[in-house]
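Here is the structure we will look at, set down as structure tokens.
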Amino acid sequence: MFTCFLMGFSLGADLFGQEPPPPKTNDVIAQIRDEGLNHSQVMETLGYLTEVIGPRLTASPNHKRANEWTRDKMASWGLTNAHLEAWGPFGRGWSLKRFSAQVVEPQGIPLIAFPAAWSPGLDKPLIADVVYLDASTTAELDQYKGKLKGAIVLNGRTRDLRPRFEPLATRLVETNLLRLANAGAPRPLTSRGGPPPPFTRPPSDSGPGFRVGDRGSSQPPRAANTTPSGSTQSNPPPPFARGRFGPRFLSFLAAEGAALVVSPSSMGDGGTLFVAAASVPLPESQGTNRFSFSDSPRAWSTNAPAVPPQMTVATEDYNRLVRMIQKGEKLKMAVDLEVEFHGQDLMAYNTIAEIPGTDRKDEIVMVGGHLDSWHAGTGATDDAIGVAAAMEAVRILKQLNVQPRRTIRVGLWAGEEQGLLGSRAYVTKHFGYYTNVTSQRSVRAPKDEGNDQPAVRSSSTDSRPTRKLVREVEYEKLSAYFNLDNGGGRIRGIHLQGNEAVRSLFRRWLEPFRDLDAETITLSNTGGTDHIPFDGIGLPAFQFIQDPLDYMSRTHHSNEDVLDRIQPEDAKQAATILAAFVYNAAMLDERLPRKPAE
């Protein structure tokens, strides 16, 4: 641009109707803000992941394509050591080839529906009678014996739908943030309410530090999102805990030859449905223990038992079908379901790339999110936005040509939706894991006559398991891991995970973003995301506080998890703050302080 200076006055803006460029600054955080907010590529990255590649079920062809695309994209920005890192074996991949479902008798009724992931397909398009399985106990199943062969079975109760008097989408308000800021020391989280049990290496060396299927098909609940009115919307329980159909019911339906099992969406309304993995019968030894995280097969396992095809129907449609049957109508449904299982490569892959450090290059700062998604939407809010923001953070730093002291490493995880499996495997391999060691307690027997000292005996009945942390080579080299995976809302602050020692640092790091509404620091924990494997072995790992928007009410694991639910300005803000945190951590004289050892 030609710019004329007259009497110290710039006419550039007046001549061309544009604002003059911002002044150059040596303040790296100011440069990060300018690049992240005014020259962002986060939506371009996000759009390609969600709408060109699409849903990214773990081990599916789409997931592998996303692995390779993210690797190549980061390499094109100048990151080094960009590669795919295998873990597993995970199990079979799965992709949907063709699907449609509608009632054809006594009238045509299109249905809002979606097949469960890893569901078997149909050998050919199916037209069959619809039967409502009105049973809640094993004994009540007897009336259906011999009546379900070749039938489409509605398996699940209807669900009452009430008017919504609160908005679907919300932002955190001052009372929410104040409550977080005033939170005291967090209580230890359990596998039901946050992180899974301590990570242990399996007894054999056949896997990367976990057993596939040792948690359910959904991640554990995150912290509840609080609405302005003070009510909460917590993460829905995993599918096997919702009573969609118990393990014995599914075994019964398979034995009776049901052609297709139809379940209602466990939550949502207005055409939004929530769908995850197909259900698999649990071993008889587990009975009805819905919360058992055993080594029993999952739908993706190579040894999964044969089950009927399964699909989920939106609540309004499902309710209507049940009520029609209860009024005496005879329904026929037409379903076309073609799927493909992929068993050539049973491994799954994380995408890894780095910006090399300088004087402290052997130390590491990590940032990431999970690349896998469920399949009914395109995985935009869960968690392509976290992936795109992490990628944008390192793109910003490369664009500014910063020279970080520590190596900055990006981790884009697979298998998060099946139990944080990709990040757990990575942590086990690179950083460490717990092993259970049984120690014998010394028990003193009563004193013998004439003996002042009691005898010492060892009893196996007094053995107690103790945990031992095995540190891998990079355990002492990791300074911090930052994760983004609570939807598309802007960052409002950060959870300390009980690590009070980092509060003053994070306070300074958030200060430049107060005008962007990010300033809250809470001592509390939050669970259910890929920072948990790091935190679980004592490494500094953090998940940011984010505005809930409509994440828990509409998009999380639903057919509405799509690009249109992302707010671009929120995405830019989150990526910018990620870049600043990663840069600040990489430039410290010392590693981030760690929580006291247990």
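The values are calculated or read from the model by the stated rules, or taken from the named source; none is laboratory data. Because the structure is a prediction, the values reported are computed rather than measured. No Cβ is skipped: glycine too gets one built from the backbone with ideal geometry, and neighbour counts run over all protein chains shown. Remember, those area values only see protein heavy atoms, side chains included, never the ligands or the DNA or RNA. Shrake-Rupley method; radii C 1.70, N 1.55, O 1.52, S 1.80 Å.
Numbers below:
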{"item": "Residue that is most open to solvent (accessible area, probe 1.4 Å), among those in the range 89-107 that are in contact with a Phe, Trp or Tyr (Cβ under 9 Å, 6 or more places away or on another chain) and in a loop (DSSP other than H, G, I, E, B)", "result": "R92"}
{"item": "Odd one out for F291, checked against (1) open to solvent by less than 20 Å² (accessible area, probe 1.4 Å); (2) modelled with pLDDT under 95", "result": "(1)"}
{"item": "Test for R71: is it among the charged types (D, E, K, R), within 19 Å of G411 (Cα to Cα) and in contact with a helix residue (DSSP H, G or I) (Cβ under 8 Å, 6 or more places away or on another chain)", "result": "no"}
{"item": "Filter result (touching a helix residue (DSSP H, G or I) at 6+ places or on another chain (Cβ under 9 Å) and outside any helix (DSSP H, G or I)) within the range 376-406", "result": "G377, T378, G379, L400, V402, P404, R405, R406"}
{"item": "Matching residues in the range 521-545 - criterion: being under 15 Å from the mean Cα position of the chain (by Cα) and polar (S, T, N, Q)", "result": "T526, T529, Q543"}
{"item": "Looking only at the range 326-363, and only at residues there that are open to solvent by less than 40 Å² (accessible area, probe 1.4 Å) and in a loop (DSSP other than H, G, I, E, B), the one that is farthest from G108 (Cα to Cα)", "result": "G357"}
{"item": "Subset of the range 1-32 [touching a Pro at 6+ places or on another chain (Cβ under 7 Å) and modelled with pLDDT under 95]", "result": "S10, G12, A13"}
{"item": "Some residue of the range 364-376 being more than 20 Å from the chain's Cα centre (by Cα) and either within 21 Å of T555 (Cα to Cα) or open to solvent by 10 Å² or more (accessible area, probe 1.4 Å) (or both)", "result": "no"}
{"item": "Among the candidates E35, E44, residue that is of a type outside the set (A, V, I, L, M, F, W, C), at pLDDT 95 or above and over 24 Å from H556 (Cα atoms)", "result": "E35"}
{"item": "Subset of the range 120-130 that is under 21 Å from L331 (Cβ atoms) and in contact (Cβ under 8 Å) with a residue 24 or more places away in the chain - its residue that is nearest to the chain's Cα centre (by Cα)", "result": "L122"}
{"item": "Among residues of the range 409-423, those that are more than 17 Å from F482 (Cβ to Cβ) and either part of a loop (DSSP other than H, G, I, E, B) or polar (S, T, N, Q) (or both), counted", "result": "4"}
{"item": "Strands (runs of 3 or more DSSP E) within the range 424-514 that include 3 or more residues hydroxyl-bearing (S, T, Y) and either open to solvent by 20 Å² or more (accessible area, probe 1.4 Å) or modelled with pLDDT of 95 or more (or both)", "result": "432-439"}
